[in-house]
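To start, the structure under review is shown below, and the notes come after it.
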Amino acid sequence: MQSYQDMVYSTAMRIVGNDAQAQDIAQDVFLKAFEHFDRLRDSPTIGGWLKTVTTNHCLNHLSRYRKRWRFFSEFQRPGEQDDEPEIDFAVPDTLFDDLAADERHDIVERALGRLPEHQRVALVLYHFEELAYDEIARTLRVSLAKVKTDILRGRVNLAKYLADARPSNEPN
Amino acid sequence: MTAMKLNTEDQARLEKLIAAGLNRQPALKAPASLQSRVLAEIARRAALPWYHRSFRHWPMVMQVSFVLTALATVVLARSVILWSHPVHAASELAAPVSGSFSFLESLGSAWSAMASMFGAIANALLHRVPGFWLVVGIGVAFAMYAMLAGIGVAVYRTLDGGRTHA
């Protein structure tokens, strides 16, 4: 368990964005692994199994929450169109280089946590879980265009948060 | 660096920058309490008596005993019914009982029975309640539904709006 607990917890934390829920999910994942201990004990793919189960568990958790609000969520807000996003943003030359390594990890995690759920989940599935756009769309049961828009907006917002966190932008 | 609309080239550059940064991101440290939580939960579940666990986790002896006991109860109940009634009455008793079971087994029959029951209720309402009051009742129900939906949307947008607008 010690070898995998950071990986399981990280995956859960980055997807659900809540420490208590991430701990509950990590606990459930390890309890499930314990139930299948005989099969997993000597399996070389245990890491992949744990990661897949954690991701699915997180998505189930989020979809259960989302179902409660689905009726209201489907009212589209102004400016939430799925296609042709028009984003005013100047891409900087560097994003992470100005940040000290020890600070960078915390700042990036905090910035991820500040993203809206739909952007964070899509971004994490793309960059950390290495799923393709169409896989993410299928997994989240949303359109491909929405996934692309959410990921693009997520990247822009992440870049903005990171730019704000740069030492030159900190108040004196 | 001035703000500008993101073209395809900028989007690709941004993706590369973000990917490079996130790929270097180490795993988060799991809380020290996680392992002890998991072990405590395993111990708690292990300490539960077998009858508090799901049927799948019952001892094999108990699973078999349960199935046999359930079957024996059915047979015994049937025997008691047959014993407590005269033989000639048994067939009279069996007919409605078997009729009831076949009704339960057939989902279609159950559905048609439900439909006819609600039909009868609706029919009785239509004949006993004046049409005017029926229309008023439906109107009030619809207005209440719309009002609750409106309150729900307002609450959702108030509570969730700050988080979803980035």
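At a glance:
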| quantity | calculated |
| --- | --- |
| At 1.306 mPa s and 10 °C, Stokes D of region A:5-69 from Kirkwood alpha-carbon radius, µm² per second | 132 |
| Given A:Lys51/B:Lys29; A:Lys32/A:Lys146; A:Lys146/B:Lys29; A:Lys148/B:Lys16, the pairs whose alpha carbons are separated by over 22 Å | A:Lys32/A:Lys146; A:Lys146/B:Lys29 |
| Label point distance in nm, A:Leu144-A:Ala163, each placed 7 Å from Cα along Cα→Cβ | 3.0 |
| For B:Leu6, residues with placed amide H under 5 Å, excluding near neighbours | A:Ile87, A:Phe89 |
| Residue order, fewest to most beta carbons within 10 Å, for A:Asp150, A:Asp28 | A:Asp28, A:Asp150 |
| Fewest-first ranking of B:Arg24, B:Arg128, A:Arg155, using other Cβ atoms within 10 Å as the exposure measure | B:Arg128, B:Arg24, A:Arg155 |
| Relative contact order (percent, whole number), region A:101-169, Cα cutoff 8 Å, 6+ residue spacing | 37 |
| Sequence of A:Tyr9, B:Tyr156 once ranked by neighbouring C-beta atoms within 10 Å, starting from the fewest | B:Tyr156, A:Tyr9 |
| Ratio Rg/Rh [Cα only; Rh per Kirkwood] for region B:1-61 | 1.48 |
| Rough spin-label spacing in nm, given labels placed 7 Å along Cα→Cβ, for B:His127 and A:Phe37 | 6.8 |
| Shielding by partners, peptide A:102-109 (average Cβ within 10 angstrom, other chains) | 2 |
| Computed FRET value (nearest 0.05) for B:Ser79 with B:Arg37, which takes r as the C-beta separation and R₀ as 35 Å | 0.10 |
| Interchain or long-range residues, amide H under 5 Å from A:Leu131's placed H | A:Tyr126 |
| Cβ-derived FRET efficiency at R0 25 Å, B:Ala20 paired with A:Arg110, nearest 0.05 | 0.85 |
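Read the figures in this text as sums done on the coordinates, not as results from a lab. Model, not experiment: these values are computed from the prediction. Cβ atoms come from the backbone with ideal geometry, glycine included; neighbour counts cover every protein chain shown.
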